[in-house]
Amino acid sequence: MNILQTEWWTIGIPPEWWAEQEDDVVVIGDRDDVGSIEISTLCKEDGNFDQAQVTTIATDNGEPGWDWQSVSLSGLSGRYTTYVEEDSGVREWYLAMGSVLLFITYSCAVENCGMDDAAVDEILQTLEMVAS
């Protein structure tokens, strides 16, 4: 497993996946072109994100009727949802720890929904925040 490190976090990338940074987004994709994970990082200048703020950010950026669930992942906590948009199946996480908020999206073609779920979950389990 390869380790990708940013200024704020690290994540393990299995050999059958690739990763690259595009502007402010890290993109992780499977070599079979089934789907990809995108991770954006938002840092608060003053104070920390609390769960009410994370919930507000998630619902403000989502659509009415999306079923947001509480989630905890690798020491981060926040909100998670799944939905279908046009021809894509999407999984979304808004996760915060301290002054850092991660927006994580996994998307694939609708016909591939569920195919990479276990692999995506395993990758996200390797997520670790970098001590500041």
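What follows draws every value from the coordinates through simple rules; no lab data is involved. Predicted, not measured: the structure shown is a model, and the values here were computed from it. Reconstructed Cβ throughout: ideal geometry from the backbone, glycine too, with neighbour counts over all protein chains shown.
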Next item on the list: Please work out the FRET efficiency for the pair E86 and A118, using the Cβ-Cβ distance as r and a Förster radius of 30 Å; give the result to the nearest 0.05.
Entry: 0.75
Next item on the list: Scan segment 67-124 for GluC sites (Glu not before Pro) in coil per DSSP, keeping those whose Cβ has at most 12 other Cβ atoms within 10 Å, and list them by number.
Entry: E86
Next item on the list: In a Gaussian network model over the chain where Cα atoms closer than 10 Å are linked, find which of L95, L73, L42 has the largest mean-square fluctuation.
Entry: L42
Next item on the list: Return, for the Cα atoms of the chain, the radius of gyration and Dmax in Å, separated by a comma.
Entry: 14.4, 43
Notebook entry, point to check: About the Cα centre of segment 2-129, what is the dipole size in debye to 20, counting +1 per Lys and Arg Cβ and -1 per Asp and Glu Cβ, all else neutral?
Noted result: 520 debye
Next item on the list: Using a 10 angstrom cutoff on alpha carbons, build the Gaussian network for the chain and name the most mobile of A19, A96, A52.
Entry: A52
Note to self: For F49, what residues show an amide H to amide H distance below 5 Å, using hydrogens built from the backbone and excluding near sequence neighbours?
What the structure shows: G98, S99, V100
Notebook entry, point to check: When the chain is treated as a GNM, springs tying every alpha-carbon pair under 10 Å, which of N112, N61, N48 comes out with the largest mean-square fluctuation?
Noted result: N61
